[in-house]
Every structure is written in structure tokens, then in C-alpha cells.
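J.: Provided herewith is a single structure, encoded as C-alpha cells, for subsequent inquiry.
The values are calculated or read from the model by the stated rules, or taken from the named source; none is laboratory data. As the structure is a prediction and not an experimental result, all values here were calculated from the model. Methodologically, a virtual Cβ is constructed for each residue, glycine included, from the backbone with ideal geometry; neighbour enumeration extends over all protein chains shown. Quick note on the areas: whole protein, heavy atoms, side chains included, nothing else; ligands and nucleic acids left out. Shrake-Rupley method; radii C 1.70, N 1.55, O 1.52, S 1.80 Å.
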Amino acid sequence: MGDDKKDQKLSSYLKAKNISCNSHYSFYWLMSKLIFLILAILFSLQFVFYPLNFISSSSQPRSLIKFSVSPVGSGSGSVHEPEPTELKHVVFGIAASAKFWKHRRDYVKLWWKPNGEMNGVVWLDQHIDQNDNVSNTLPPLRISSDTSRFKYRYPKGLRSAIRITRIVSETVRLLNGTESEKNVRWIVMGDDDTVFFPENLVKVLRKYDHNQFYYIGSSSESHIQNLKFSYGMAYGGGGFAISYPLAKALEKMQDRCIQRYAELYGSDDRIHACMSELGVPLTKEVGFHQIDLYGKLLGLLSAHPLAPLVSIHHLDLVDPVFPNMGRVNAMRRFMVSAKLDSASLAQQSICYDTDHRWTVSVSWGYTVQIIRGVLSAKEMVIPTRTFIDWYKQADERSYAFNTRPIAKSACQRPRVYYLSNALPDLALHRTASEYVRYDMWEPECDWDMSDPSEIERVIVYKKPDPDRWNKHRAPRRDCCRVLPIEKNGTMVIDVGTCKDDEFVEFPVK
């Protein structure tokens with residue numbers, strides 16, 4: 001009987017417990033249903049409002065919504081595009097000395113644009129007299145500050161290296177706080193015996209953001225020089241460019257920096273040391289030419305690297321770029337081509353005269369070379385050693401770039417045609433340049449092949465290509481085509497952008 005009562009109590013407890021569990025379960029079930037319903041409603045609302053938002057926003061360009069800042073002084077809502085770098089954004093600091101300036105200023109006159117077109121200063125070690133007529137065609141002169149407090153310990157070196165290395169900083173101080181400082185993007189350093197090609201310099205600088213820290217230039221042509229100093233150093237004679245924010249950072253620390261490097265040799269060596277402390281590497285542009293060479297530049301400029309020609313240094317040490325002329329007059333002739341199409345100056349194109357089995361190489365605005373036989377493009381793009389290195393060695397291993405020897409066979413010695421004149425052909429929107437044979441040497445050759453010596457002059461037609469170094473355009477050599485002509489003693493060549501499926505090929509008959 002007692003057991004029956006216990007069973008009844010247990011049964012009653014379990015029923016009550018079950019009712020309680022069921023009620024809790026019902027509550028949670030209702031809550032979950034409610035939450036699911038709310039989420040479903042919110043999810044559905046997205047499909048109602050999103051199309052309305054899309055319709056309203058698609059009525060104007062999304063870029064204008066994202067970039068709503070207007071140009072200063074403009075009432076329009078257009079996006080402000082940064083102005084491309086121009087010459088007005090570049091300030092030159094030219095290293096010179098009173099001893100050589102009256103001679104070397106003729107080099108500067110060749111490339112300097114007076115009347116406010118260019119900005120810069122020539123830094124001298126002492127005052128010189130210069131008449132106003134000369135001054136109007138050149139940058140203004142300034143005297144460098146005293147550097148006697150700086151240590152210099154390089155054996156048999158020149159203390160002027162300290163004065164010259166501070167030109168960038170002194171130029172920054174000259175600009176500091178002036179109205180013109182607002183437009184400065186780059187400081188370009190160079191020597192008074194350097195010729196710059198300003199339009200090509202601008203094309204190089206446009207590739208880079210001037211608001212960042214950039215140190216742009218090139219190394220020496222001499223492998224030994226680069227080992228002695230550094231492959232990571234911009235050689236000052238060939239010139240280098242420093243973005244203005246970096247130039248200002250250099251100015252703040254340079255005087256302390258150069259005190260730590262009294263054992264170094266040159267000015268560019270000290271700049272490189274300070275750049276290393278600032279953590280900025282060299283950005284190499286091979287169009288800056290230090291020209292640590294002697295002899296003829298024919299081989300180098302006739303197979304120039306595929307890059308804009310920016311500068312040529314050491315003009316007093318190498319042969320004139322054109323034979324039988326003074327150095328300044330030779331460079332003046334070179335500048336004729338630069339004014340017509342600076343972007344294409346000394347740019348090589350290779351083609352073949354299939355009727356005569358000749359290889360033709362055009363270095364536009366400088367030379368044309370005609371060679372018996374078929375030489376591959378791979379071989380023709382390598383400079384011929386018409387020069388020796390800085391230490392007056394002819395060893396091929398002493399250069400910092402590939403070279404090839406002058407042909408030993410008289411039959412394959414090139415006939416060289418130097419620029420005589422270049423003119424614009426406005427009617428056909430092209431240039432016409434004439435190249436005249438220089439070397440009248442008639443080598444003996446028993447090859448059963450036409451002799452290029454019968455060609456006395458070459459006419460080259462070319463359309464200017466100012467956008468060839470645009471940063472959005474991959475570098476590529478032009479193509480050239482030998483045109484048929486009936487006039488004896490003359491070759492006519494067309495040079496221009498390669499057409500579809502056009503490349504350098506000698507067709508096999």
C-alpha cells in the first residue's frame with residue numbers, strides 16, 4: 001500500500017515536470033520564430049531600398065562622389081588632375097669654377113633656355129666678371145658659402161668636393177620661403193661640362209611621384225670606377241635628380257653627414273653616403289651619362305640603350321661627337337636633331353637592304369651605318385668599342401656594359417654616315433635628316449657582294465614621336481625600312497613605329 005502511494009506521488013511529479021518542460025519549450029519555440037520573422041523582414045527590405053539607392057547614385061559618375069575635391073580656384077566639381085611635370089618644376093644646380101667657367105659656359109648655352117623658361121643657379125667658388133649680354137643667356141651666378149670648417153682627408157683629392165656636394169642644400173636654402181618654391185618638384189645637379197637634353201629629362205621625371213623620396217641617376221661606364229666607388233651611386237657629372245621633399249630632408253642633415261665622411265673622394269660620393277643614411281637607394285636611369293671614357297663616342301651613341309638620352313658629361317675629354325669639328329660646334333649640330341624630336345635622339349633602329357645584303361643601323365639624329373653582310377639585331381644593339389675606359393684600358397672587362405670589338409675583317413667594317421642636317425617636313429608631318437659619309441677609306445675586299453662605299457649620303461624620313469617614353473607605353477625600338485630609289489649614291493630610309501607583325505628580320509630568298 002505504501003508503495004502504491006509512492007508511485008502515485010512520483011507519477012504526479014513527473015507529469016508536473018513534463019508540463020513545465022513543455023511550457024518552456026513552447027516559449028523558446030515562439031521566440032525563435034519571432035526572431036526568424038524579424039530577420040526575414042530586414043533581409044527583404046534590402047531589396048526594396050538598394051535599387052532606389054543604386055538608381056540615385058548611378059545618375060552621376062562614382063569617381064566624382066568618391067573624389068569631391070575641386071581644383072583650387074575652380075567652381076566646378078571636376079576632379080583635380082595633378083599637372084604633369086614640366087621644366088618649370090625643375091631647378092638646376094650647376095657646379096662650376098671661376099677657372100673654367102668662361103670656356104665651359106658655352107656648353108651650358110647649348111641647352112639652357114633663357115627668359116624664365118628654366119630655373120637654376122650656377123655655383124662658383126669665387127666672383128668673376130661677366131657682361132650682361134652673356135648673363136642673359138645663362139643661369140644666374142652665385143658664390144658657394146665657405147666650407148673651411150669641414151674636414152677633408154682624401155689623399156691628393158680636391159677640397160672643392162665639399163663645396164660641390166653642398167650645392168643641392170644651398171639651392172634649397174636659396175628657394176626656402178620664396179613664392180617660386182611652391183612650384184619646385186625636383187632639384188637636378190650637374191657639372192658645367194655637361195650637356196643636358198631638358199625635354200628628355202622631363203620625360204624621365206614624369207615617371208615618378210615627386211612627393212616621394214627619389215634619388216635618380218646612373219652609374220659610371222667604367223666597371224673599375226663602380227667597384228672603387230659604388231654601383232649604387234649616381235655620378236654627379238652625368239647629373240642626378242632629387243625630389244624636392246628629399247632635397248629638403250638632405251638639407252637638414254647634410255652638414256652633419258659630410259663631417260662623418262672626411263675620407264671620401266668626391267662630391268657625389270658624399271651625396272651617396274648621406275642618401276644611405278636617409279635610407280634612399282639609387283633609382284637608375286641609364287640615359288644619364290657620366291662618360292668615364294676616352295676616344296670616340298660613336299660606338300656608344302650609335303647603339304644607345306633603349307632609354308631617353310638625358311645627359312652627356314666630360315665633353316672636354318672625349319672626341320667631338322662629329323668629326324672635323326670643335327666640341328661645342330659638334331654638340332650644337334647634335335642639338336638640331338634634339339629640337340626636332342628629342343625623344344628619338346640617338347635611338348637605334350635596325351633593318352636590311354635585301355637587294356645588296358647589307359645591314360643598316362640608324363641612330364636617329366646622329367649616324368647611319370651600312371655593313372656588308374647580315375648581322376643579327378642581337379649583335380647590332382651591342383656598342384662597338386670605339387673608346388677606351390677611364391683608366392685608358394681597352395680590356396672588354398673594364399666596362400660596366402656589354403661591348404663588342406671593331407670588326408677585324410675589312411669587308412665588314414661599317415661605312416659611317418654622320419648627320420649633316422635635319423629639317424621639319426611640315427606638309428607631311430615628319431622630319432627629314434641627311435647623313436653624309438665621313439670615312440672615305442676604300443678597303444680591299446674580295447667578297448662577292450656590293451660595296452656600300454657607293455652610297456655617299458643617306459636620307460632618313462621619320463615622324464616625331466613625343467609620347468614614346470610615356471610611362472603607360474612599353475619601350476620598343478623603332479623599325480626602319482630601306483626604300484627603293486633610282487638616284488645613284490643615295491639611300492632613303494623610313495623610320496617609325498613598328499607596324500603590326502613587323503620586326504627585324506632578313507628575309508631568306
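J.: With the condition being under 29 Å from the mean Cα position of the chain (by Cα), I'd like the helices (runs of 4 or more DSSP H) fully within segment 107-223 carrying at least 3 qualifying residues.
T.: 160-165, 167-175, 198-205
J.: Ok, one more. Out of the residues in segment 391-404 meeting the condition of being assigned to a loop (DSSP other than H, G, I, E, B) and on the phi < 0 side of the Ramachandran plot, tell me which one is most open to solvent (accessible area, probe 1.4 Å).
T.: Asn402
Yes or no, residue by residue, for (1) open to solvent by 30 Å² or more (accessible area, probe 1.4 Å); (2) part of a strand (DSSP E or B):
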site	(1), (2)
Ile406	yes, no
Asn421	yes, yes
Arg468	no, no
Arg477	yes, no
Lys487	yes, no
Phe503	yes, no
Phe506	yes, no
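J.: Looking at Ser450, is it polar (S, T, N, Q), assigned to a loop (DSSP other than H, G, I, E, B) and either in contact with an Asp or Glu (Cβ under 9 Å, 6 or more places away or on another chain) or closer than 29 Å to Asn324 by Cα (or both)?
T.: Against the criterion (polar (S, T, N, Q), assigned to a loop (DSSP other than H, G, I, E, B) and either in contact with an Asp or Glu (Cβ under 9 Å, 6 or more places away or on another chain) or closer than 29 Å to Asn324 by Cα (or both)), Ser450 qualifies.
J.: Out of Ile370, Ile388, which single residue is surrounded by fewer than 18 Cβ atoms within 10 Å (Cβ to Cβ) and aliphatic (A, V, I, L, M)?
T.: Ile388
J.: Within segment 322-337, restricting attention to residues that are open to solvent by less than 10 Å² (accessible area, probe 1.4 Å) and in contact (Cβ under 8 Å) with a residue 40 or more places away in the chain, which residue is farthest from Gly217 (Cα to Cα)?
T.: Filtering first and then ranking leaves Phe322.
J.: Collect the residues in segment 470-488 that are farther than 18 Å from Lys499 by Cα and under 30 Å from the mean Cα position of the chain (by Cα), keeping them in residue-number order.
T.: Result: Asn470, Lys471, His472.
J.: If you take the residues of segment 407-433 that are over 17 Å from Ser361 (Cβ atoms) and among the charged types (D, E, K, R), which of them is nearest to the chain's Cα centre (by Cα)?
T.: Only one residue tops the list, namely Arg430.
J.: For residues that are in contact with a helix residue (DSSP H, G or I) (Cβ under 6 Å, 6 or more places away or on another chain) and in a loop (DSSP other than H, G, I, E, B), scanning just segment 313-341, find the one that is farthest from Leu423 (Cα to Cα).
T.: It comes out as Leu315.
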